[in-house]
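One structure below.
The values are calculated or read from the model by the stated rules, or taken from the named source; none is laboratory data. Only a predicted model underlies this, so the values are computations on that prediction, with no experimental measurement involved. Note that we place each Cβ from the backbone using ideal geometry, even for glycine, and neighbour counts take in every protein chain shown.
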Amino acid sequence: MVGQQKSKRSVTIARWLARLGSLGSLGLLLLFFFGEEMDPAGLTPTEIWGLLFFPLGITVGMLLGWRWEKLGGTVTVLSLLAFYKVMYAASGRFPEGIWFALFALPGLLFLYCGLCNRNTTQTPRIV
């Protein structure tokens, strides 16, 4: 009984860390996105694919994570992995540093919460 309460508490803490972290990550991504002058016509196909996965896929995953933790976490993690794959295919190496992974960390927490919580096994209904 005590173990279950600790487990529920750790999932609740992880859930709120994921939510607060997603707000922070999305806020910083918005600052970068609107702070940078980007010429869409000058983007290479690799850059377009990279932008589809990071920040767009990451953003969609984190927004979904607020309602459907498992789905949102999965979308975030897969978007990050796809971004790394695109960048590796284009340059033969992965992006340097841990910053991309840190931005996506709340998605991993959403996934953890979704896998730990049996109540979140619902799938989203599209009406």
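Data overview
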{"read-out": "Enumeration of residues in segment 46-63 that are over 17 Å from residue 94 (Cβ atoms), β-branched (Val, Ile, Thr) and under 13 Å from the mean Cα position of the chain (by Cα)", "value": "59, 60"}
{"read-out": "Condition check for residue 72: surrounded by 15 or more Cβ atoms within 10 Å (Cβ to Cβ), modelled with pLDDT of 95 or more and of a type in the set (Gly, Ala, Ser)", "value": "yes"}
{"read-out": "Residue within segment 5-19 that is modelled with pLDDT of 85 or more, among the β-branched types (Val, Ile, Thr), loosely packed, with under 13 Cβ neighbours inside 10 Å and not in a helix (DSSP H, G or I) present", "value": "no"}
